[in-house]
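The values are calculated or read from the model by the stated rules, or taken from the named source; none is laboratory data. Owing to the predicted nature of the structure, the values given are computational and were not obtained by experimental measurement. Quick reminder, even Gly has a Cβ in these numbers, built from the backbone with ideal geometry, and neighbours come from all protein chains shown.
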Amino acid sequence: MEEHHPPKLRFLGATDTVTGSRYLIQSGGRRILVDCGLFQGYKVLRDRNRVPFPVSPASIDAVILTHAHLDHTGYVPALVRDGFRGPVYATQGTTELCTLLLPDSGYLQEEEARYADHRGSSQHHPPMPLYTAEDAVRSLNSFKTREFDAPFPVGDGIEATFLPAGHILGAAQIHLNLGGRSVHFTGDLGRANDPLMYPPRDLEAVDVLVTESTYGNRAHPSGSPEEELGGIITRVAKRNGVIMIAAFAVGLAETVLLHLSRLMRKDAIPHIPVYLNSPMAIDASGMYQRHREEHRLERHEFEAMYKLATPVRSADDSKLLNLRGGPMIILSASGMLTGGRILHHLENYGPDPRNAIILSGYQAPGTRGASLAAGARQLRIYGRDIRIGAEVIQMEGLSAHADADELIRWMHAAPTAPAMTYITHGEADSSDTIRTRIKRELGWKARVPEYLESVSLDHPS
């Protein structure tokens, strides 16, 4: 890389899928990686996690993270293990949440490898995890925290700023100045009326915008998610059913608990037992309490929602829930049914039509959650085919992502049009639909980049 080379942006992920967020900036002889996420969903995407990183990890000078979800951070342990020696910049909230998410990700991958070895179901002998819990813990030493709205240097002539994105604790938009050129990454953009998080900061004038498009082809339901949730719980409780709520341990778990707490305080639902069966969500609660400046909740409401649920930490206590029967509510991860304790509950309670499964967020194609949402009534869980007789409800209104209308309104506030808007982090239909709306409604130049494509930031096209 020569100093005189124009600044470039290369799309190393999140271009034909919602997952695998990875963007490489090359400017002034420096390489800066924005996000370092895992690919999730279809096997053809997950296999990308196993191929060598597109550039040598040792050649990357710094990583900057938008937020803690694994599709944005989950490859950091592998990058550090394979030679990256620079800083990983993140907000305080993102850093704290990564101390939970990354070691847990390594542990689950070790468990999956052991299980595949035991069953002989892997093509590799022995099957190996992408990285270990120890790799993840070691990578946490690379993290350097930075505050919102405080520009910081990340290389010669390169300055970064974290701006609030809503979505989850610590989530940031990233604004980069590259010697007079500006590039802005939305990360995952939150909602203006989110019950838990404040709205994302308005978009300022930028030369190049890189936007997510998770819900780029649809709007969230206009009705109240709290009322919808209350109706489901009341209906299922009357038939003594178990309500299994699959929720991401960070973000959506808090939102669901908030709705449940408000419903019970109003006597809008039966006062049945609620179990928070996610050690990670339990641990994250303390982090949300420490960063009250980032969310809307008063202390009394925050305390009430955690008093509502019985925390379940041990595996033995989790197994006991499968003997209890309904009526009860179990809130557990993972949100897309890709792993975690929710799978054991699905094995046990999924076949019974008295019970219900609530999918509470985006379901990436290729996941069990997406299959259920599409009408599948049989899931492969731990090597067995489990018949699903339970009622299945996908609650789009619980999502912490801005929908298409919210994305357009957020962009519309910008004082000037970017020279180019690159649309990422969405399935093909979502990305192309929002591309069309950006061009027609805002009059901006916009396009969907290809996987591994490189573009000039001096002359974006």
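In the set Thr416, Thr421, Thr433, only one residue is in a loop (DSSP other than H, G, I, E, B) and among the polar types (S, T, N, Q); that residue is Thr416.
Which of the residues spanning region 347-402 are among the acidic types (Asp, Glu) and either assigned to a helix (DSSP H, G or I) or free of Cβ contacts under 8 Å to residues at least 24 places away in the same chain (or both)?
Going through region 347-402, the residues among the acidic types (Asp, Glu) turn out to be 347, 352, 385, 391, 396.
Result: Glu347, Asp385, Glu396.
When Arg85 is tested against (1) assigned to a loop (DSSP other than H, G, I, E, B); (2) closer than 24 Å to Ala165 by Cβ; (3) not acidic (Asp, Glu), only condition (2) is not met.
Taking region 364-382 on its own, how many of its residues are of a type outside the set (A, V, I, L, M) and closer than 26 Å to Ser213 by Cα? First the steps, then the outcome.
Taking region 364-382 as the starting set, the residues that turn out to be of a type outside the set (A, V, I, L, M) are 365-369, 371, 375, 377-378, 380, 382.
If we keep only those that are closer than 26 Å to Ser213 by Cα as well, we get 365-369, 371, 375.
Adding up the residues that qualify gives 7.
Summed over region 77-101, the residues that are modelled with pLDDT of 95 or more, in contact with a Gly (Cβ under 9 Å, 6 or more places away or on another chain) and more than 20 Å from Glu293 (Cβ to Cβ) give a count of 1. Among the residues of this structure, Asp458 does not count as one that is out of contact with any Lys or Arg (no Cβ under 8 Å at 6 or more places or on another chain) and either touching a residue at least 24 places away in the same chain (Cβ under 8 Å) or of a type outside the set (A, V, I, L, M, F, W, C) (or both).
Within the set Ile272, Ile232, Ile245, the sole residue that is surrounded by 21 or more Cβ atoms within 10 Å (Cβ to Cβ), over 30 Å from Lys439 (Cβ atoms) and either at pLDDT 95 or above or touching a helix residue (DSSP H, G or I) at 6+ places or on another chain (Cβ under 7 Å) (or both) turns out to be Ile245.
The residue that is surrounded by the most Cβ atoms within 10 Å (Cβ to Cβ), among those in region 57-83 that are β-branched (Val, Ile, Thr) and touching a Cys at 6+ places or on another chain (Cβ under 8 Å), is Val76.
Looking at region 132-184, which of the residues that are β-branched (Val, Ile, Thr) and part of a strand (DSSP E or B) is surrounded by the fewest Cβ atoms within 10 Å (Cβ to Cβ)? Ranking the qualifying residues of region 132-184, first place goes to Thr145. Count of region 224-254 residues, restricted to those that are under 26 Å from the mean Cα position of the chain (by Cα), part of a loop (DSSP other than H, G, I, E, B) and more than 30 Å from Ser105 (Cα to Cα), is 1. The residues on offer are Asn348, Asn355, and the sole one that is surrounded by 22 or more Cβ atoms within 10 Å (Cβ to Cβ) and over 23 Å from Asp71 (Cα atoms) is Asn355. For Ile25, only one of the following conditions fails: (1) assigned to a helix (DSSP H, G or I); (2) over 21 Å from the mean Cα position of the chain (by Cα); (3) touching a residue at least 40 places away in the same chain (Cβ under 8 Å). What is its number? Single failed check for Ile25: (1).
Among the residues of region 316-333, not a single one is surrounded by 21 or more Cβ atoms within 10 Å (Cβ to Cβ), more than 23 Å from Arg265 (Cβ to Cβ) and either touching an Asp or Glu at 6+ places or on another chain (Cβ under 8 Å) or among the acidic types (Asp, Glu) (or both). In region 173-182 there is at least one residue that is modelled with pLDDT under 95 and charged (D, E, K, R). Taking interchain pairs and intrachain pairs at least six residues apart, which have beta carbon atoms under 6 angstrom, with the first residue in region 102-128 and of a type outside the set (A, V, I, L, M) and at pLDDT below 85 and the second surrounded by 15 or more Cβ atoms within 10 Å (Cβ to Cβ) and assigned to a helix (DSSP H, G or I)? Going by the 6 Å Cβ cut-off, the qualifying pairs are Ser122/Ala116; Pro126/Asp117; Pro127/Ala113; Pro127/Ala116; Pro127/Asp117.
Considered as a group, the residues in region 319-339 that are farther than 19 Å from Pro365 by Cβ and under 22 Å from the mean Cα position of the chain (by Cα) include one that is modelled with the lowest pLDDT, and that residue is Ala333. Of all residues in region 208-223, those being touching an Asp or Glu at 6+ places or on another chain (Cβ under 9 Å) and assigned to a loop (DSSP other than H, G, I, E, B) number 8. Inspect all residues belonging to region 209-228 and state whether any of them is surrounded by 24 or more Cβ atoms within 10 Å (Cβ to Cβ), in the same structural domain as Ala268 (by TED's automatic domain parsing) and of a type in the set (D, E, K, R). No, because not a single residue in region 209-228 is surrounded by 24 or more Cβ atoms within 10 Å (Cβ to Cβ), in the same structural domain as Ala268 (by TED's automatic domain parsing) and of a type in the set (D, E, K, R).
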